[in-house]
1. Determine whether LYS258 is open to solvent by 40 Å² or more (accessible area, probe 1.4 Å), under 28 Å from the mean Cα position of the chain (by Cα) and either among the polar types (S, T, N, Q) or closer than 25 Å to LYS356 by Cβ (or both).
2. Can you tell me which residue within the range 63-83, out of those that are assigned to a strand (DSSP E or B) and free of Cβ contacts under 8 Å to residues at least 24 places away in the same chain, is least open to solvent (accessible area, probe 1.4 Å)?
3. Would a scan of the range 275-294 turn up a residue that is among the hydroxyl-bearing types (Ser, Thr, Tyr), modelled with pLDDT of 95 or more, surrounded by 18 or more Cβ atoms within 10 Å (Cβ to Cβ) and in contact with a helix residue (DSSP H, G or I) (Cβ under 8 Å, 6 or more places away or on another chain)?
4. Restricting attention to the range 24-62, and to residues there that are open to solvent by 30 Å² or more (accessible area, probe 1.4 Å) and hydrophobic (A, V, I, L, M, F, W, C), which single residue is farthest from GLU102 (Cα to Cα)?
5. Go over the candidates GLU361, GLU366 one by one and state the one that is open to solvent by 10 Å² or more (accessible area, probe 1.4 Å), farther than 20 Å from PRO245 by Cα and free of Cβ contacts under 8 Å to residues at least 24 places away in the same chain.
6. Which one is surrounded by the fewest Cβ atoms within 10 Å (Cβ to Cβ) among residues in the range 334-355 that are of a type in the set (A, V, I, L, M) and either more than 26 Å from ASN297 (Cβ to Cβ) or out of contact with any strand residue (DSSP E or B) (no Cβ under 6 Å at 6 or more places or on another chain) (or both)?
7. Could you check PHE247 against (1) closer than 30 Å to ASN319 by Cα; (2) at pLDDT below 95; (3) surrounded by 15 or more Cβ atoms within 10 Å (Cβ to Cβ) and say which number it fails?
8. Condition first: of a type outside the set (D, E, K, R) and more than 30 Å from ASN68 (Cβ to Cβ). Can you find one or more residues in the range 127-138 that meet it?
Amino acid sequence: MKKILVLGCLLMSFVGLFGQNEVSKETKDCTIQGVLDGIYKGTKVYLVEEEEINGASKVIDSCDVKDNRYTFVIKNVTVPRMYFVKSGDPNCLSPITPIWVEPGNVKVRANSEFFLNCTVTGTVNNEIFSAYNAEMKHFVDSMLRSANIDLLLNRNQSEKDRDFKARTKQHGSRALHLQEELVRRYYDQAIAPFMIFWEMKANVTLDELKELRAVVSPSLNEHPYTKQLDEYIRLAEFKVGSDVPDFELPDKDGKTFKLSSLRGKYVLIDFWASWCGPCMREMPNVVKLYKECKGKNFEIVGVSLDQKRDAWLNAVEKNKMKWIQVSDLKSWATAPVKLCNVSAVPYTVLIDPQGKVIALELRGEELISKVKEVLNKK
């Protein structure tokens, strides 16, 4: 495989880096020293943490900016993770600077009006990420120059469209090649699972994704980014034949229900919500199914994605939904939604007595006939 020059040179530069940053071996603290170029119109900057990659974020610290400089100290860093320094200027064109928080001294230089266009140095994952961003910028700059050349050459529209598609494909190929090289070269750094999840997962097949995951060092198996990647792969593999993980939720009487309590029965997990029109139109079929199959080693578990208890219970009563009903009123954040890879409702999961998926997304007469079919075969 062709080597990436920037990343290759980076290995040699790390010798000097580690010599200058020896403190990282003795402390678990991360010091971020930032410099802002230009006129900064805010008085503070903020340190933002994400629960997971592309997850919910929250401000965990703030810092006064004096003479266009700021300093954050994050104590007792256990694992390297991506954080963000956010501008305090509401009119900042790009208010976020991504920074790897890891033991050591991190130096950041950004434009006051464009935080994203920054330089971050001083620790391993920040150096790798900076090298990656520099190479990606080179790709984009090359594409823009090619487009400008086409304009100067007065290409006709069909030629422009053809060349645009070719450049887009070339850019995607170059980017994926660079990302794979980074993962394979720095397989034992936290940026490896981060890069696979953040950039690559949507552009490779499931088999390729699993191959990339296998490259990540076992020493990172417990890292939150590796766990998030593993969960993504598990969900991508959720299909007929998969095991449905156990979950527990409060029922409509407030008692705890566990899916495993129905082990030994055929179970239909029905994901629905009172605000979902298609769910309500489908409900008569589920009611019919329950009437015809109740007591035949079969049960239905309705998992509501409602957020309002009254709306949930009123819909249960109005539609005569007499089977097990559960909800924690967390809508899409409820645990079984993620466990069963639910992206829209209504959604059904039919499982056998051992907890394995028999069928997915059954509706109408197909739902009723399939359940009767499996019950008659038992």
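The values are calculated or read from the model by the stated rules, or taken from the named source; none is laboratory data. From a predicted model like this one, the values you see are computed outputs, not experimental measurements. Using ideal geometry, Cβ is built from the backbone for each residue, glycine included, and neighbour counts are taken over all protein chains shown. Side chains are part of the model used for accessible areas, which takes the heavy atoms of the whole protein and leaves out ligands, DNA and RNA. Shrake-Rupley method; radii C 1.70, N 1.55, O 1.52, S 1.80 Å.
1. Values: open to solvent by 40 Å² or more (accessible area, probe 1.4 Å): yes; under 28 Å from the mean Cα position of the chain (by Cα): yes; either among the polar types (S, T, N, Q) or closer than 25 Å to LYS356 by Cβ (or both): yes.
Yes, satisfied.
2. CYS63
3. Taking every residue of the range 275-294 in turn, none turns out to be among the hydroxyl-bearing types (Ser, Thr, Tyr), modelled with pLDDT of 95 or more, surrounded by 18 or more Cβ atoms within 10 Å (Cβ to Cβ) and in contact with a helix residue (DSSP H, G or I) (Cβ under 8 Å, 6 or more places away or on another chain).
4. My answer is ILE39.
5. GLU366
6. Step one: filter the range 334-355 for residues of a type in the set (A, V, I, L, M), giving 335, 337, 339, 342, 344-345, 349-351.
Subset that is either more than 26 Å from ASN297 (Cβ to Cβ) or out of contact with any strand residue (DSSP E or B) (no Cβ under 6 Å at 6 or more places or on another chain) (or both): 335, 337, 339, 344-345.
Working: ALA335: 15, VAL337: 19, LEU339: 19, ALA344: 9, VAL345: 20.
Across the range 334-355, the extreme among qualifying residues is ALA344.
7. (2)
8. Within the range 127-138, not a single residue is of a type outside the set (D, E, K, R) and more than 30 Å from ASN68 (Cβ to Cβ).
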